[in-house]
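For reference, the structure is listed below as structure tokens.
The values are calculated or read from the model by the stated rules, or taken from the named source; none is laboratory data. Because the structure is a prediction, the values reported are computed rather than measured. A quick note on method: Cβ atoms are made from the backbone with ideal geometry, for glycine too, and the neighbour counts reach across all protein chains shown.
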Amino acid sequence: MDYLRGMRFLDTLPDWERGRPPEGPLAQYLPRVRAMLCRCGEPQSQFDSVIVAGTNGKGTTAGLLAALLQAGGRRVGLYSSPHLHSQRERIQIDGALLDKDTWAESLTAFADVTHGFARQELGIFSRFEALTVLAAQMFADADVDIAVFEVGLGGRYDATNAWDHDVAILTQIALDHCAVLGKDRITIADEKLPVARAGRPLFTTSLQQPEVLDHIRQRAAAGGIPLFICSPEGVVEEEAAPNPYLVTPEPGHLRPCTWVENARLAVATATRLLPELDVDTVAGVLEQDRRPGRFEPAGKEPRVILDGAHNPAAAAALRDDLEPLGGPWTFVVGINEDHEGAEVLRCLAPVAERFVLTSSEHPKALDAAELALSAPADVAVNVEPGWRLALERAMQLTGVDGRVCVTGSLYLVARAREFFALPHEVEGISEDVSYESLECLQAACDQLGWKSDQVSGDGNVVRVTGGRRPLLFYRNKHPFNDYVAARMAEDKGYQYDMLVAAGLPMPFTMQVFNPYAEERFNRYKTHLTVEEITADVDATMSYPVMVKKTRGSVSSGVFMEVDRAGVAARLQEIFTNAGLLDNLLLVQSFAEGPEYRAVATQADLLLAYQKVSHGMSAHDRNPLHHHTGRAERVVDEVILAELARLTSKISAVIDLGFYAVDLIRDHERGWQILELNANPFCYFYNRTNGRGDFTGIYVDLLRKYAT
């Protein structure tokens, strides 16, 4: 399976995080994971491992520990949850996300090994269980020396507890997931302590509630578990030597107080595992550590902090961290149903000027209006069900000299990170990318005094009236193009045929048809085997080459391959997973140079911009899809004239009322047309330049085609 099908496979599984827990008793959970590990060849036995449990601070502790072990010269795996932007964040090796091809290969192998599991063994496994086993397999395949596993929920029955880890860590215990884990801290501690094993070290913090710490001591002594308690004075316990690394925040650095506590745990564990770690190495790792979504600065005017505090204990700690920074604060809050929203708001209230309450769109998100009912009476409340409108509202209410904090849910924080264009891996485009076109359309209707109505329940379809005839818009798809012309322009194969026949400049392209397609497609087949295609590419083209599906947008289905083996593997993967009518591929020579987009109506160039980014990853084919991407409008008259001549020639080949042309200004060959887009997005341009230009374009197009 390819990467997208692999993700769909995972998403069909039962999922605690999305409110779809697996059926069957809890007692089946660990035997089920052990059976899956057995099927996979016991990958967890091929490396040492640490398990990190607790209520708050697990992710920070696990991430810091992995970084310290890596700095000490070990090859390190990190398994964490939840993710912010991409599921690939959950499984990292030496601090890096694995590429989509590796995920696809691992998921395919996993699906093959576990085929029929539910019928033969202990019921259907959950998404988290699958990811845990997948992580162990990926770590074994990558020959890691040691892996750090963050517990998902609780500990006793968590998938990460299915084998004996070499070391266990227990961060501070607080009230959370009470319906599942228990109503008091002692009961919750009893659900988390089973991650520790007799004769193997357990590290915890002296800042546990006194009764919880006493209980941990008693349980550890009864179970023969060596206990190490980390305090500001070092590691204190009869069996432990004093730890020389006392972690304190550096002056002037924006650090939450809980970071210090979690750093102590990570450093104590790392120096136990690697006694040779020196003070300078440890200090360097701590200095560089920044956790996305954990007390993360996102803006200066106003000052913006993002923090995933999702339960009362975390909210209280966040309040204490914000207070020294001045106030009051505007809080944008979205909370999931099982996280005591009323208590979270109460904890934040002492430093709050107002709450802007919203919903994160997570499947378990609490309705914003319902959350408002539990808000403290002495704090102003605004309700904005949509998270983007909530963020915009908070910025407007606060002003440049104010302070905004986004909190309550890591899912909401992830959306805020995208809103503020902070660094992140792109899994796919968000709904906002498509809806931005409707926002510009609405603004255009307002300028014209025309009416726009949503005519579908999901808001995707809009009818515009005011001209001589009504027009229907579907997200970024519009009625300004002839239907057949638009369909031809959406197919990269037909595009290529028509544009090359007209003498327009395009990279050399080989069109190849799936040799595995049904016999009824035999007249289209270009080669008998993938090997023949690969040999043909190797003989006629130089590397790198681009492999493209004929349909797809925002760079989906576009792959760069640097050698013959890569081309062969990519063709095999795509053809094997091809749909019934998705059998044609393009193999195209690589054009090198700055990338541009020209936006046009028929022969007329409307605007052009260059796509610019810094630090683009290997997975990004479009500079604007990187978080640093900018759409810089072209003002150079020479370039504009050249692009206008090209759009004029294109319109003579295929008449489109509204379209975009993506081009490379190749260093040697000049302009090279990459593709046409019959339904251009305006989101990426607007992100840099605002909505004014595209709103004006929609005004002109509405006048042209509806009056």
Open item on the list: Given the options Ala603, Ala652, name the one that is surrounded by fewer than 18 Cβ atoms within 10 Å (Cβ to Cβ), under 30 Å from Trp450 (Cβ atoms) and in contact (Cβ under 8 Å) with a residue 24 or more places away in the chain.
Closed with: Ala603
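Output yes when any residue across segment 569-591 is basic (Lys, Arg) and within 28 Å of Asp538 (Cβ to Cβ), and no when none is. Outline the logic, then answer.
As a first pass, look at segment 569-591 and keep what is basic (Lys, Arg): 570.
Applying the additional criterion that residues be within 28 Å of Asp538 (Cβ to Cβ) yields 570.
Yes, segment 569-591 contains at least one residue that is basic (Lys, Arg) and within 28 Å of Asp538 (Cβ to Cβ).
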- [ ] Go through segment 460-474 and give me each residue that's surrounded by 16 or more Cβ atoms within 10 Å (Cβ to Cβ), under 15 Å from Ala444 (Cα atoms) and without any contact (Cβ under 8 Å) to a residue 60 or more places away in the chain.
- [x] Val462, Phe473
TODO: Could you tell me whether Pro385 is in contact with a His (Cβ under 6 Å, 6 or more places away or on another chain) and either outside the structural domain of Leu322 (by TED's automatic domain parsing) or farther than 25 Å from Ala317 by Cα (or both)?
DONE: no
- [ ] Taking only segment 35-75 into account, find how many residues are closer than 18 Å to Val267 by Cβ and either part of a helix (DSSP H, G or I) or not assigned by TED's automatic domain parsing to the domain that holds Glu129 (or both).
- [x] 14
- [ ] Determine which member of the set Ala317, Ala342, Ala375 is in contact (Cβ under 8 Å) with a residue 24 or more places away in the chain, assigned to a helix (DSSP H, G or I) and surrounded by 16 or more Cβ atoms within 10 Å (Cβ to Cβ).
- [x] Ala317
Open item on the list: I'd like the full set of residues that are small (Gly, Ala, Ser), more than 30 Å from Gln46 (Cβ to Cβ) and not in a helix (DSSP H, G or I), limited to segment 164-193.
Closed with: Ala174, Gly182
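Quick grid of which residues meet (1) within 13 Å of Thr204 (Cα to Cα); (2) modelled with pLDDT of 70 or more; (3) in contact with a His (Cβ under 7 Å, 6 or more places away or on another chain):
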position: Gly252; (1), (2), (3): no, no, no
position: Cys257; (1), (2), (3): no, yes, no
position: Ala268; (1), (2), (3): yes, yes, no
position: Thr271; (1), (2), (3): no, yes, no
position: Val279; (1), (2), (3): no, yes, no
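Inside segment 419-477, can you point out the residues that are among the β-branched types (Val, Ile, Thr) and either farther than 13 Å from Phe681 by Cβ or part of a loop (DSSP other than H, G, I, E, B) (or both)?
Pass one, segment 419-477, residues among the β-branched types (Val, Ile, Thr): 426, 429, 433, 455, 461-462, 464-465.
Of everything in segment 419-477, those that are among the β-branched types (Val, Ile, Thr) and either farther than 13 Å from Phe681 by Cβ or part of a loop (DSSP other than H, G, I, E, B) (or both) turn out to be Val426, Ile429, Val455, Val461, Val462, Val464, Thr465.
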Open item on the list: touching a His at 6+ places or on another chain (Cβ under 9 Å), of a type in the set (Gly, Ala, Ser), farther than 22 Å from Ser45 by Cα and modelled with pLDDT of 90 or more: is that true of Ala196 in this structure?
Closed with: no
Open item on the list: Take the conditions closer than 30 Å to Gly284 by Cα and not aliphatic (A, V, I, L, M) and apply them to Gly24. Does it pass?
Closed with: no
Task: Selected residue (criterion: surrounded by the most Cβ atoms within 10 Å (Cβ to Cβ)) from residues of segment 43-91 that are among the hydroxyl-bearing types (Ser, Thr, Tyr) and modelled with pLDDT under 95 - done: Thr60
Open item on the list: Filter segment 548-588 down to the residues that are touching a strand residue (DSSP E or B) at 6+ places or on another chain (Cβ under 6 Å) and of a type in the set (Gly, Ala, Ser) and list them by number.
Closed with: Gly557
- [ ] Looking only at segment 402-409, decide whether some residue is among the aliphatic types (A, V, I, L, M) and either assigned by TED's automatic domain parsing to the domain that holds Pro328 or in contact with a Lys or Arg (Cβ under 7 Å, 6 or more places away or on another chain) (or both).
- [x] yes
Open item on the list: Can you tell me how many residues within segment 553-591 are in a loop (DSSP other than H, G, I, E, B), at pLDDT 90 or above and out of contact with any Lys or Arg (no Cβ under 9 Å at 6 or more places or on another chain)?
Closed with: 3
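So that you can scan it fast, the table gives a plain yes or no per residue for (1) surrounded by fewer than 21 Cβ atoms within 10 Å (Cβ to Cβ); (2) farther than 15 Å from Ala53 by Cα; (3) in contact (Cβ under 8 Å) with a residue 60 or more places away in the chain:
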site: Ile169; (1), (2), (3): no, no, yes
site: Gln172; (1), (2), (3): no, no, yes
site: Pro194; (1), (2), (3): yes, no, no
site: Gln208; (1), (2), (3): no, no, no
site: Glu211; (1), (2), (3): yes, yes, no
site: His215; (1), (2), (3): yes, yes, no
site: Gln218; (1), (2), (3): yes, yes, no
site: Gly224; (1), (2), (3): yes, yes, no
site: Pro232; (1), (2), (3): yes, yes, no
Open item on the list: Take Leu131 and tell me if it is crowded, with 18+ Cβ neighbours inside 10 Å, closer than 18 Å to Pro194 by Cβ and in contact (Cβ under 8 Å) with a residue 60 or more places away in the chain.
Closed with: no
TODO: Can you tell me which residue within segment 320-333, out of those that are at pLDDT below 95 and either over 19 Å from Val381 (Cβ atoms) or within 25 Å of the chain's Cα centre (by Cα) (or both), is surrounded by the most Cβ atoms within 10 Å (Cβ to Cβ)?
DONE: Asp321
